[in-house]
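Following: one structure in structure tokens, then a few remarks.
The values are calculated or read from the model by the stated rules, or taken from the named source; none is laboratory data. Keep in mind it's a predicted model, so treat the numbers as computed, not measured. Using ideal geometry, Cβ is built from the backbone for each residue, glycine included, and neighbour counts are taken over all protein chains shown. Heads up: the accessible areas ignore ligands, DNA and RNA and are worked out on the full protein's heavy atoms, side chains in. Shrake-Rupley method; radii C 1.70, N 1.55, O 1.52, S 1.80 Å.
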Amino acid sequence: MQKRNNSKPSLYFGYGSNLDKEDWTRWCRQRGFKHDGLKEIGPAWVDGFVLDFNYFSVTRGAGAANLRFLGSGRAATPGALFEIDEYTRDILDKKEGHPNPKYYRREKVTVFTPDGQSHEAYTYIHHTREKSFYPPNEEYESLIRNGLNRLGMPTNWLDGAVREIPKPKFDLVFVYGTLMKGMLRHSVLEEGCEFICKGTVQGELYDLGNYPGLVAGEKAVYGEVYQAEDMLDVIQKLDLIEGSGGSDPLFSRSIQKVNTEQGEKWAYVYHYAQPLESYREIESGNWKDVSR
């Protein structure tokens, strides 16, 4: 094990027992490792992966959390984003069994924080072709549940994974421009989507001419939340409309926290991905104030 150094920090996405600081600290102390290099930043989501218990942990004698890829629009999993140094990354490797393919492998994924910004982070995934289910013990499940509750994150994805019942869908989308009610492209959402409520996301809104663009910021941007019957079908349509994807997208799709009268929700949101140049900011954060 290398000594602690001044290496450039990297990011790690945790979705299992490492959501519990005491469990991580105890594991490190029992093996003589320093534990203070795992620095929590806050809640985050990884898109396209479903939480699963298809890995049996010999150490815990029960199932352990894993990520199984289904595809964007089919699944997402909540967790936490951490800052780590190389020393802590090596400890995580040992804890998760990397690089032995029998255990978890360290991989890079894109995760999203509440402001909708994307981050490249390490996480650990066990790949298996078997469709097994190994229920976790109560202690392990509590580590994850308590961590999600502490972060203010929903636990229904955990409920679905633990009980081996149909997994919850990540099926909400937040729109703030021409897709809103009364706007030019609202008809796209009228088939296959149900209006849930109004809401706001964190950011800044700019007038791009015929449509607005959301970018990172500290203000409130107003819009509407819709629930999709088939999210994969809906985001394929929206990706095309928004010019999302490819090497030079017009908009990039993210996952972001939405504040509503019904409480906090998490939804797909499209952020403007091109230079703003001389575009004017919409100070009110509401496209309907300036829409033509």
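How much length would be gained if the chain were fully extended between T260 and H127, taking 0.36 nm per residue of separation minus their Cα-Cα distance, in nm to one decimal?
44.1 nm
Quick one: net charge of L205's neighbours, Cβ under 9 Å, K/R +1, D/E -1?
Values: positive: K219; negative: E204, D207, E281, E283.
For residues surrounding L205, the net value is -3.
Could you give the nm distance between label points at A216 and E191, where each point is 7 Å from its Cα heading toward the beta carbon?
About 3.8 nm separates the two model spin labels.
Here is the link list: K108/K219; K181/K219; K95/K257; K8/K34; K21/K169. Which ones come out longer than 26 Å on Cα distance? The partial results should precede the final answer.
Working: K108/K219 31 Å; K181/K219 22 Å; K95/K257 31 Å; K8/K34 18 Å; K21/K169 28 Å.
Pairs exceeding 26 Å: K108/K219; K95/K257; K21/K169.
Ratio of Rg to Rh for segment 1-152, alpha carbon only, Kirkwood?
Working: Rg = 14.7 Å, Rh = 15.7 Å.
Radius of gyration over Kirkwood radius for segment 1-152 works out to 0.94.
Straight distance only, please: which lysines reach the Cα of K102 with their own Cα at less than 18 Å, same-chain residues fewer than 8 apart left out?
Result set, ordered by chain and number: K94, K131.
Based on the inverse mean of 1/r over its pairs of different Cα atoms, what is the Kirkwood hydrodynamic radius of segment 63-123, in Å?
13.3 Å
With every protein chain present, what is the per residue accessible area of the chain (1.4 Å probe, Å²)?
Details: 14570 Å² over 292 residues.
I get 50 Å² per residue for this part.
Return the carbon/sulfur percentage of the accessible area of segment 230-292, one whole number, probe 1.4 Å, all protein chains in place.
For segment 230-292, the apolar C and S fraction of the accessible surface comes to 44 percent.
Work out the FRET efficiency for Q236 and Y279 from their Cβ-Cβ distance, taking R0 = 41 Å, and round it to the nearest 0.05.
With a Förster radius of 41 Å, E is 0.90.
When the Kirkwood hydrodynamic radius is evaluated over all pairs of different C-alpha atoms of the chain, what value in angstrom, to one decimal, is obtained?
About 20.3 Å, per the Kirkwood formula over Cα pairs.
If packing is taken as the average count of other Cβ atoms within 10 Å, what order do 161-168, 19-26 fall into, highest mean first?
19-26, 161-168
Which residues among segment 13-32 fall inside the zone where the amide N is under 17 Å from a point 7 Å beyond the Cα of L151, along Cα→Cβ?
Residues 13-25 fall inside that zone.
Please pull out the direction-averaged projected area of segment 227-292, using the convex hull of its alpha-carbon atoms, in nm² to one decimal place. Walk me through the numbers on the way to the answer.
On the way: hull surface 25.1 nm².
Seen from a random direction, the Cα hull of segment 227-292 projects 6.3 nm² on average.
Rounded to two decimals, what is the ratio between the C-alpha radius of gyration of segment 129-221 and 2.2 N^0.38 Å?
1.56
For segment 87-128, what % of the accessible area comes from carbon and sulfur atoms, probe 1.4 Å?
43 percent
Please give the FRET efficiency for K181 paired with R31, using the beta carbon to beta carbon distance and R0 = 41 Å, rounded to the nearest 0.05.
Calculated transfer efficiency: 0.10.
Once the Cα atoms of helix 231-242 and of the chain are each reduced to a long axis, what angle between those two axes, in degrees from 0 to 90 to the nearest 10, is obtained?
The angle comes out near 50 degrees.
Under the rule of -39500 (n - 2.57) per DSSP H run of 4 or more residues, summed and divided by the residues of the chain, what mean residue ellipticity at 222 nm is obtained, to the nearest 500 deg cm²/dmol?
Taken over the chain, the calculation gives -6000 deg cm²/dmol.
I need the peptides 87-98, 277-288 ranked by packing, meaning the mean over residues of other C-beta atoms within 10 angstrom, with the highest value on top.
Packing proxy ranking, top to bottom: 87-98, 277-288.
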